[in-house]
């Protein structure tokens, strides 16, 4: 849980969000989010889904970080970004961005934010 919490904290900071701002985006409380980030609480799948949307990270990535999903089984380890049967195209795009080692974390976050904003249009 500590590694998941550290991952969430890193993504929150890369997005320039305070705990309060993340709480507002997810409808979760500040203390609860703080406990998750410190590895004191194991979030439910529903909470991980809320966090994924607020942090522009795929739900699959958070589930894998939480140890609830095998990254190879989810298709995240393929790295080619190609759509697979049963795998949504958006997950392929997100996986490709996250897997590209040429991009800095800030660049990945920016690309994902732009991509998600276009999907909402």
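Annotations
- Scanning the stretch 91-115 for residues that are loosely packed, with under 14 Cβ neighbours inside 10 Å and under 16 Å from residue 15 (Cβ atoms) yields a count of 6.
- Every residue from the stretch 1-45 that is in a helix (DSSP H, G or I), touching a residue at least 60 places away in the same chain (Cβ under 8 Å) and in contact with a helix residue (DSSP H, G or I) (Cβ under 7 Å, 6 or more places away or on another chain): 3, 4, 11, 14
Every read-out reported here was derived from the displayed coordinates using simple, explicitly stated rules and does not represent laboratory data. If you're wondering where the values come from, they're calculated on a predicted model, not measured in any experiment. Cβ atoms come from the backbone with ideal geometry, glycine included; neighbour counts cover every protein chain shown.
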